[in-house]
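Colleague: Structure in structure tokens, see below.
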Amino acid sequence: MQKRARKELKTIRKYISKDSIYYANKTVDEIIKRIQVLKYFPEMGRQIKIDEKNIRQIIYKSYRIFYQLDSNNIYILSIFHHSRDISNLKFKFSKF
């Protein structure tokens with residue numbers, strides 16, 4: 001998982017934990033489980049075009065998980081709340 005995505009998960013956990021540590025941990029754990037399903041079904045996400053790249057996204061509740069595939073790898077690019085604007089989103093790559 002890209003460093004950026006890890007940081008975003010920490011931010012999600014921190015934000016939700018203001019109200020509930022239990023739900024913060026549960027939400028992050030469920031996002032990670034959703035990502036792990038990609039190992040078995042890498043093309044399950046909907047294709048979208050961002051920054052002139054073909055990106056895929058899967059959804060967990062209100063969170064969008066952006067990733068990209070090559071022949072051998074899944075790159076988790078970003079994880080964030082659906083209300084955020086993606087028009088200026090730029091991605092770098094690292095292995096899942």
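The values are calculated or read from the model by the stated rules, or taken from the named source; none is laboratory data. Please read these numbers as outputs of a predicted model, since none were measured by experiment. Don't worry about glycine lacking a Cβ; one is built from the backbone with ideal geometry, like all the others, and counts go over all protein chains shown.
Colleague: Does region 27-45 hold any residues that are touching a residue at least 12 places away in the same chain (Cβ under 8 Å), under 20 Å from residue 82 (Cβ atoms) and among the basic types (Lys, Arg), and which are they?
Modeller: Across region 27-45, the qualifying residue is only 34.
Colleague: Something else: I need the full set of residues from region 31-54 which are under 23 Å from residue 10 (Cβ atoms) and at pLDDT below 90, in order please.
Modeller: Matches in region 31-54: 50 only.
Colleague: Return the only residue of 5, 24 being part of a helix (DSSP H, G or I), surrounded by 15 or more Cβ atoms within 10 Å (Cβ to Cβ) and in contact (Cβ under 8 Å) with a residue 24 or more places away in the chain.
Modeller: One residue alone meets the criteria, 5.
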